[in-house]
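Everything on this sheet refers to the single structure shown next.
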Amino acid sequence: MYITYDEYLDLGGTLDETAFDDIAYDAQCIIDWWTFNRLQNETTYPTAVKRCMYKLIQLLYSQQTIIDVAVPHTTTNETTVTAAISSESNDGVSTTYNTISVKDVLDVTQKEFEDVVRRYLSGIKNSLGHKLLYRGIYPNE
């Protein structure tokens, strides 16, 4: 793992260790995908990588929390999340709720994952001097 549970707690994390282990694995997979696995043979990790992991863990946990409250929508085949009341009338007793599809939640969080990885890992190099986010292939890779 690119971040230990204790390091996660030191950065302000609140998940229990079991939830952390599950979500941290997913966060690490995101980083590995973006970095072409350029961190896998490292023994120490830059602070930027640890902070990136922390942010991704928080985003993944938020995403999962939102999806957990999703319910099938009655008029379509999409699963939606009911977020909050968007309008309400008193005399006719009418209430309208904001809804968002799970697909939209996934699309938004995917963009946030990309933004976090780019923000934290842009210009960061591994011990071989390879930029983590370089989209090409270095010799001997």
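Remark: accessible surface ordering of C29, C52 (largest first) is C29, C52, probe radius 1.4 Å.
Listed values for segment 34-50 are Karplus-derived 3J(HN,Hα) couplings in whole Hz (6.51 cos²θ - 1.76 cosθ + 1.60, θ = phi - 60°), namely 5, 9, 6, 6, 6, 9, 5, 9, 7, 9, 10, 10, x, 4, 4, 5, 5, and x replaces Gly and Pro.
Ligands, DNA and RNA excluded, the heavy atoms of L106 present near 70 Å² of accessible surface to a 1.4 Å solvent probe. Solvent-accessible surface of segment 1-72, taken per residue with a 1.4 Å probe and all protein chains present: 56 Å².
Taking amide H positions as modeled 1.01 Å from N, with prolines and chain starts lacking one, the residues under 5 Å from S101 and 5 or more places away or on another chain are V81.
Compactness of segment 1-54 was expressed as the Cα radius of gyration divided by 2.2 N^0.38 Å, which yields 1.07. Put E17, E7 in order of accessible area, highest first, and with a 1.4 Å probe you get E17, E7. Whole-Hz Karplus values for segment 114-120 come out as 4, 4, 5, 4, 5, 5, 7 Hz, taken residue by residue from phi with 6.51 cos²θ - 1.76 cosθ + 1.60 and θ = phi - 60°; glycine and proline positions read x.
The values are calculated or read from the model by the stated rules, or taken from the named source; none is laboratory data. Just so we're clear, the structure is a prediction, and the values are computed from it rather than from any experiment. Side chains included, ligands, DNA and RNA excluded: accessible areas come from the protein's heavy atoms. Shrake-Rupley method; radii C 1.70, N 1.55, O 1.52, S 1.80 Å.
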